[in-house]
1. Evaluate E = 1/(1 + (r/R0)^6) for residue 657 and residue 308, where r is the Cβ-Cβ distance and R0 equals 56 Å; express this FRET efficiency to the nearest 0.05.
2. Treat every Asp and Glu Cβ in the stretch 67-145 as -1 and every Lys and Arg Cβ as +1, leave all other atoms uncharged, and give the resulting dipole magnitude about the Cα centre to the nearest 20 debye.
3. Pairs 397/427; 146/272; 75/529; 393/454: which exceed 24 Å Cα-Cα?
4. Sequence-distant or interchain residues sharing an amide H contact under 5 Å with residue 601, placed H: which?
5. Per residue, how big is the convex hull around the C-alpha atoms of the stretch 665-713? Give it to me in cubic angstrom, could you?
6. I'd like the orientation of helix 216-273 relative to the chain: the angle between its Cα long axis and the longest Cα principal axis, in ° from 0 to 90, rounded to 10.
7. Can you list the HN-Hα couplings for the stretch 609-619, worked out from phi with the Karplus curve (6.51, -1.76, 1.60; θ = phi - 60°), rounded to whole Hz and with x for Gly and Pro?
8. If you line up the long axis of helix 703-717 against the longest principal axis of the chain, both from Cα atoms, how many degrees apart are they, to the nearest 10?
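The values are calculated or read from the model by the stated rules, or taken from the named source; none is laboratory data. Quick caveat: nothing in here was measured; it's all calculated off a predicted structure. Cβ coordinates were reconstructed from backbone atoms using ideal geometry, including for glycine residues, and neighbour counts include every protein chain displayed. Each accessible area value is taken on the protein alone, full model and side chains, heavy atoms only, with ligands, DNA and RNA left out. Shrake-Rupley method; radii C 1.70, N 1.55, O 1.52, S 1.80 Å.
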Amino acid sequence: MKGRKATPRRHPALEPKDLRWECDASRLGFETTDELEFKPNIIGQDRALDAIRLGLSIRSPGYNIFVSGLTGTGKLTAIRYMLEGMDLRRDDLIDICYVHNFSVEDTPVCIVLPAGFACKLRARMRDLLHAVVDLIPAALQSERFKRQQARIADEIKKNRDDMLQKLEQEVNENGFSMVQVEYEGYTRPEIVPLVAGEPTPIDRLPSLLVQGKVKQGDYEKFQTAHSELSRKLDDFLIAARDLHRTLDQRTAELERQHVAPLVDAELARIAKEFDSGKVSRFLHDLREYVLDHLPMFVVAKGDLAKKRREFLPFDVNVLVDNEGRREAPVVIETSPTYVNVFGTIERYVGPDGDHWTDHTAIRGGSLLRANGGYLILNMIDVFEEPMVFVALKRALKSQRHTIRGFDSLLLMPIASIKPEAVELDIKVVLIGEAWMYQVLWDYDEDFRTVFKVKADFDTVMPNTLANQKRYCRFIRVLTRFETLPPFHNDACGSVIEEGTRLAGRRDRLSTRFSEMGDLIREAAHWATKSGAKVVRAGHVAKAVAERVRRVSLIEDKVQEMYDDGSILIDTAGAKIGQVNGLAIYDVGDHVFARPSRITAETGVGRAGVINIEREADMSGKIHNKGVLILEGYLRRMYAQDKPITVSASLCFEQGYSFVEGDSASSTEMYALLSSLAAVPLRQDIAVTGSVNQKGEIQPIGGVNEKIEGFFDVCTRRGLTGRQGVMIPALNADELMLRRDVVDAVKNKKFHVYAVRTVDEGVEVLTGKKAGQWIPRHGFEHNSMHDLVDRGLRHFHDRLRDAEDGSTDAAVEAAVKKAKRSKTSGAPKRPPKKPPKKPPRKPPRKRRTRRER
């Protein structure tokens, strides 16, 4: 039934004051920033600073800090500021060094000493080596030592001579003689018989017996005696070797007796300086090494370098030297490779190409240099380096670090020597972004146990007068640090306004001070270039304009395609099923928007709403979801008393890139409703906003860029006074438009509409009232919803008629076939009667959800 005639409502556009927030510079309380107090401070990050303060204060294991936030929010600056404000004084700083392990040579000993003592130990060991090289030769060349050494040698020689004389006497008595026989380069005594007064080898006796030169009895006597004498000769040789060994032992004992007091005196002086059990054990082992290798120290001082490997135990490898330091170390590792963070074990190469390593080849990294203090790493750099994060977690979990060699070709640690582990007392601060923290928290259980403190840096803070004054103090600090000209209060106001625009809301200020600092530097540059001694608002505007110009090449190229008609877009008139959407272009260092034609076509069918971008695999999940929401809205509004039988297609015309996001879902809704109702839409209005199934318009991102994008296109074509942009009402508080856009709105050359529902948007675009549902009557007559409903009923009726017509044609074909069978002589059978078409019953009136 026809309802009441629908009269459209008037939807006024937003006022110029609603389009841009302006800072009242007179409330800042100064004329130039030189009047402000110089006080460096961190602005707008109270929550993060409290978390950092907690993490730095708790020394328990696991309370390391992960600082998350966008680049430019001052994370590293905040950490430095917090550390500078803390009392970092420590009296328990340590030095770390490695010395030779006399028991297990491939496991160097780690010695931890109070700060400044490692280098002292190294110096004392060098002095000890020079002292030993001087003392040992002198002691072994003394007259007293020589007399005692000669006495021992004479005693051993006399014993050997007595044994030899006794053996020779027995040999001679048995008719034998002792001769020296040479065996391949060396000689040894041999017992041979005397035949006719001449020494004769024992193996010649059989031939002499045959010749008759030796009698049978003498032959047997020689054979028997030779075996016994040979055994005694072997006993003598063994005894002589024992005597020689005894001589060496007694000489070595004599040398130790003469040298030990000198070495002990030197070691005692060193031991008094170092109150360490490991140092005492090392000195004891070194003493035994020296006394066991005394001949090695009889060398000229000039030859010490040539015998470095022999004197290796005297080398002390200092990895960490905190001499003179009174505060906990703070190490910022800007290149966190595995070697730079954890150290390595180098390999020496000899002149022959052979490789070796020892405790002097151990190298420490920033992890050990920061021991007792703080190590700061950038998470993205840590991720880029192989094995770094895994090794870092292992070290923080065990509170110990074992230095290993690292092969730069294999990109992995390698086994060589195995130094003792170093005990760690360190606080690690990782700087990253929020997504890194979330991924690690979800998939790495160890991460939760070693990084218990999260400091999350916000990108915005409330736009209050107090925070505006903090902005001005930040400008004061930067201008003083970098010797920039002072800023006038109107320039500070312009900087604050840019901070608001960057924040994306008028009631917020951006805390991305890296970008704001760049703006301040560039404004100061343009002021200096113009000869001004004070930076004014015009210089800030110049800096903003020049920055946009530097990065807007792609935007200009896109605009050229609108100007020459390559991209089809209408900015005047009205068309059915066509509306101007707004798309964001993010090219990294620049974000801009331009209009995009969105069309809808409808017809008879059951396909529903076809998303052409989805069918072409050119849309993302969020965009696809937005299209499905449109179907839900259609069912809610128009399928309460009938099924929706329609085939509709939606398309971003001339869209050749991937489409994502639901900010155009309301735009697609308007195009679809226009096509169903056959009502044209205004082409001088561009639309943005997402929609839900209830028909409510939801906020979107990039609202300022979208308005300015359509404004730029319209400006190039000429402003007519009717053009504008329709945005969600919930985005009104985010408007911070360029001044030229605000001026155009003020002069009634451009308009910005804010709508809350699809009904409001339909009325702006069509000039028709959306129409209310009237129980038992339907939508208001000739309203937009009424026309859409009639369009859907029309498609439904046409589809039903088409389906009914195909049934009638099938019945007629069956009758004709039966007649042909009868005339062709086929067995006669009573033909089947065509099924009667049941009479159509009028549809039962069902109460809709609204009526119920």
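1. Computed FRET efficiency for residue 657 and residue 308: 0.25.
2. Working: 9 positive and 10 negative charges, 55 e Å.
Computed about the Cα centre, the dipole is about 260 debye.
3. On the way: 397/427 12 Å; 146/272 33 Å; 75/529 33 Å; 393/454 16 Å.
Among 397/427; 146/272; 75/529; 393/454, the Cα-Cα distance tops 24 Å for 146/272; 75/529.
4. 649
5. In the stretch 665-713, the Cα hull volume divided by residue count equals 74 Å³.
6. 60 degrees
7. Values, residue by residue: 8, 9, 8, 4, 4, 5, 4, 8, 6, 10, 10 Hz.
8. So the helix axis and the longest Cα principal axis differ by about 60 degrees.
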